[in-house]
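Notes follow once the structure below has been shown.
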């Protein structure tokens, strides 16, 4: 679970869960969480997804340059045949204009 909250008017907040699933069912996948300030939901989601995929790729021995952008690494990860799917669950919001608390939550539920 990733969560974030603010009482600062108009402050952008986000919460994101990144998921990376391996092609081999006998290997565990990875989840990551990210809860930034000032990032859009798209940017926060891509970061969380990249983080989960990079952690999984490292444990599976997939060679990649961590300095390349996410789009390039995503292609390398999926072309390796070892990572079958990556995605993210993200929510963002702007803080209430009157300073009331604003919260966002992103959750991943694992089912067998």
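Every number in this text was worked out from the coordinates using simple rules, so none of it is lab data. Everything quoted here is computed from the prediction, not taken from an experiment. Positions of Cβ are backbone-derived with ideal geometry, glycine not excepted, and every protein chain shown enters the neighbour counts.
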message: Counting just the Cα atoms, what span does segment 59-108 cover along each of its three principal axes? Round to the nearest Å and put the largest first.
response: 49, 24, 16
field: Percent RCO, i.e. relative contact order, over the chain, from Cα pairs under 8 Å lying at least 6 residues apart
entry: 41 percent
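Applying 1/(1 + (r/R0)^6) with R0 = 22 Å to the Cβ-Cβ distance of residue 63 and residue 25, what FRET efficiency is obtained, to the nearest 0.05?
Details: r = 23 Å, r/R0 = 1.05.
Rounded to the nearest 0.05, the efficiency is 0.45.
Run lengths n ≥ 4 of DSSP H only: what is the helix-derived mean residue ellipticity at 222 nm for the chain, with -39500 (n - 2.57) per run over all residues, to the nearest 500? Can you show the working numbers first?
On the way: 2 runs with 30 residues, N = 112.
So the helix-based figure for the chain works out to -9000 deg cm²/dmol.
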- request: Quickly rank 78-88, 92-102, 41-51, 62-72 as a protection proxy: mean count of other C-beta atoms within 10 Å, highest first.
  value: 41-51, 78-88, 92-102, 62-72
field: Alpha carbon Rg of the chain, scaled by the compact-globule rule 2.2 N^0.38 Å
entry: 1.19
Rough spin-label spacing in nm, given labels placed 7 Å along Cα→Cβ, for residue 101 and residue 85: 3.5 nm
